[in-house]
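Below you'll find the structure, written out as structure tokens, and then a few comments.
The values are calculated or read from the model by the stated rules, or taken from the named source; none is laboratory data. Because the structure is predicted, anything quoted here is derived from the model rather than measured. Counting neighbours? That spans all protein chains shown, and the Cβs are built from the backbone with ideal geometry, glycine included. In case anyone asks, the SASA skips ligands and DNA or RNA and just uses the protein heavy atoms, side chains included. Shrake-Rupley method; radii C 1.70, N 1.55, O 1.52, S 1.80 Å.
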Amino acid sequence: MAPYRIRLYRDEDYDAVRSLFARGILEHAPAMYRHVLRLARLQLGLLALFTAVRAVAGSWLLALAAVALVLAATWPVMRSFSTSYVQEALITDLCDIDSCYMRAPDSCFWVVEAGGAVVGMVAVAPPQDPAQRGEALELKRMSVSKDHRGQGISKALCGEVLRFAQARGYGAVVLYTSTVQLVAQRLYESQGFRKVAETSPSLFSSLISFHLIHYRLELPGRP
């Protein structure tokens, strides 16, 4: 028997769900930082900065300090990128989970309970893209507590969403994840999702080569 159980969201889960979501997203901030540090344009810029300061000031120490200052300033920028995403979610659909998911048509929200605590979550709703409405549902807000990963919870949550969509006659499930969420990408691909597009949500995202990856899984049984 699994050491956890999946059940429908209840009002008393509200604070735990919001906290779990926030922690899960903020965990990706270091990965975002490493992603940016690997960008060739940033590395070339740091080299140019080092060379310029070294030439003007005549000091290796000052040149290294200038580079270190830029690297230090980059971290809060990357963290704020994750923080702003969390804040947007907390004031939109995760502000009123009951209305957005439990009472809205073709929508649902599940939590994973283990040891009396909420350790995982996933939602499903009609896609924001009007072109996909009526033929697909969107998997959203997937998160599993760090201490409970590796137990098959994410796969089980995917299964709940797929069964929900198929039972309502939908032909596909779609989702979005990001460039830096490599574990999530592997999970979704292992479940049969395939990449169909990549987009940058903003100019800043384009500058740092951060993309949202659109996945889609075709469901069997629909003519």
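Might you tell me the accessible area per residue for the range 96-223, computed with a 1.4 Å probe and given in Å²?
Per residue, the range 96-223 has 47 Å² of solvent-accessible surface.
Ignoring everything except DSSP H segments at least 4 long, calculate the 222 nm mean residue ellipticity for the chain; use -39,500 (n - 2.57) per segment, divide by total residues, nearest 500.
Using -39500 (n - 2.57) per qualifying helix, the result is -14500 deg cm²/dmol.
Give me the percent of Cα-Cα pairs in the chain that sit more than 24 Å apart, rounded to a whole number.
Everything past 24 Å amounts to 51 percent.
Which percent of the accessible area of the chain is formed by carbon and sulfur heavy atoms (probe 1.4 angstrom)?
Carbon and sulfur: 60 percent of the exposed surface of the chain.
Please list 133-139, 203-209 highest first by mean number of surrounding beta-carbon atoms within 10 Å per residue.
Ranking the peptides 133-139, 203-209 by packing returns 133-139, 203-209.
Between residue 71 and residue 103, with labels modelled 7 Å along Cα→Cβ, what's the label distance in nm to one decimal, could you check?
According to this spin-label approximation, the distance is 5.3 nm.
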